[in-house]
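The values are calculated or read from the model by the stated rules, or taken from the named source; none is laboratory data. All figures in this text were calculated on a predicted structure; none of them were measured in a lab. Using ideal geometry, Cβ is built from the backbone for each residue, glycine included, and neighbour counts are taken over all protein chains shown. Accessible surface is based on the protein model in full, side chains and every heavy atom, while ligands, DNA and RNA are left aside. Shrake-Rupley method; radii C 1.70, N 1.55, O 1.52, S 1.80 Å.
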Amino acid sequence: MATLDDVRAIALELPGAIESIDGHRGGASWRTPAGAFVWQRGPSARDLEQLAALGRAWPPGDVVGVRTDGTQVKEALLETYPGAFFTIPHFDGYPAVLVRLDSIELDQLREVVTDAWLLKVSKRVANEWLAAHPPATG
């Protein structure tokens with residue numbers, strides 16, 4: 001189980017990441033100069049209406065949106081980890097998933113936030129970070 005404080009800690013340990021507060025929704029977002037890679041996401045009235053029409057509801061607890069490397073990665077996360085990741089009609093065709101923080105392990109959260117950050121930094125920064133943080137082998 002993860003928290004918004006975990007998201008904050010993971011995001012802010014990544015080079016060049018900053019936290020800002022969204023003026024529209026009032027939630028925190030973590031970004032680089034190229035844009036947001038993870039953000040706090042609550043439901044809008046329209047989200048709730050659309051979910052109700054589908055016979056679904058917004059989950060309890062804190063939720064964040066996370067960029068993905070395309071819609072194929074998004075679909076793979078949704079299929080493989082349906083308890084942790086979900087989407088809404090507003091995100092149709094958009095390369096991002098929503099994450100139930102109370103349903104994701106900290107290591108998995110770290111992985112998806114880091115992958116999202118890698119999409120929003122220069123190739124040089126990404127390559128330097130990846131060289132300094134080789135994947136763990138088991």
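Assorted remarks:
- Within the listed set Ala126, Ala116, Ala17, the residue fluctuating most in the Gaussian network model of the chain (springs between alpha-carbon atoms under 10 angstrom) is Ala126.
- The share of accessible area on the stretch 1-90 that comes from carbon and sulfur is 54 percent, using a 1.4 angstrom probe.
- Cα gyration tensor, the stretch 11-85 - rounded (a/c under 1.5), prolate or oblate: oblate
- The residues of the chain present an accessible area of 56 Å² per residue when probed at 1.4 Å with all protein chains retained.
- For Cα extents along the principal axes in Å, the candidate list reads (1) 67, 47, 26; (2) 47, 37, 27; (3) 58, 30, 24; the entry that matches the value derived from this model is (2).
- For the stretch 1-71, the list of GluC sites (Glu not before Pro) that fall in a loop by DSSP and count at most 15 other C-beta atoms within 10 angstrom reads Glu13.
- Alpha carbon centroid spacing (whole Å) that separates the stretch 113-128 from the stretch 1-71: 18 Å
- Loop-located GluC sites (Glu not before Pro) in the stretch 83-138 whose Cβ has at most 14 other Cβ within 10 Å (DSSP): Glu105
- Note on the chain: helix-only mean residue ellipticity at 222 nm, from DSSP H runs of 4+ residues weighted -39500 (n - 2.57) and normalised by residue number, equals -11000 deg cm²/dmol.
- Computed from the C-beta positions of Ala34 and Arg56 and an R0 of 41 Å, the FRET efficiency is 0.80 to the nearest 0.05.
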